[in-house]
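What follows is one structure encoded as structure tokens, with my remarks underneath.
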Amino acid sequence: MSSLAKKAGYLKGLMEGMTFADPAQAKLAQAAVELMGELCDRVEAIDDLMDDLNDYVESIDDDLAELEGDRDEDFNILDDDEFEDEDFMDDMDNGADRLHLIGGGESEAEEAETIAGMVCPDCQQPFFVGLDDPEDSMYVCPHCGHRVTPQPLTPENAPIAKPVDDK
């Protein structure tokens with residue numbers, strides 16, 4: 001029993017022990033004490049419902065946090081040490097992520113689209129295109145953003161890495 005209910009019961013006991021000269025005053029006091037008792041019962045019921053609601057919201061919050069944790073572990077590739085390379089992040093920022101190289105195959109072997117290396121005629125930067133695309137296709141260069149018909153990647157126009165002398 002809550003302290004409000006105890007106080008309402010105490011007032012009811014005081015009222016019953018009192019004698020009133022006017023019966024109308026007795027009726028008024030009795031109605032006020034009964035109203036306080038009913039209000040206390042309703043407040044107690046609302047408190048119980050609020051406790052149940054808080055427990056339910058906490059369980060939903062826990063479930064959501066667990067789902068977010070699972071998603072972050074499974075899909076956040078940027079947390080991998082492999083992807084901490086600044087050049088990779090610069091390419092991502094410059095729009096290199098616009099090329100989608102994965103097709104909708106049924107098996108893992110069929111998923112990867114066959115690709116070919118091409119060079120942008122404007123900025124001379126290499127990028128990949130699908131071999132299944134029509135030969136006269138236009139592309140948006142992921143480096144400069146221009147609309148181009150790429151040139152095939154050859155040893156003459158491809159950037160070649162040079163060994164680093166660590167001496």
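Annotations for the structure displayed:
- Spacing of the two label points (7 Å from each Cα toward its C-beta) at F20 and K6, in nm: 2.7
- Applying 0.36 nm per residue to the separation of L67 and D166 and subtracting their alpha-carbon distance, the gain on full extension is 31.0 nm.
- Under 9 Å, Cβ to Cβ, from Y139 - net charge with Lys/Arg +1 and Asp/Glu -1: 0
Bear in mind these aren't lab numbers, they're just calculated from the coordinates by the rules spelled out. None of these values were measured; they are calculated from a predicted model. Quick reminder, even Gly has a Cβ in these numbers, built from the backbone with ideal geometry, and neighbours come from all protein chains shown.
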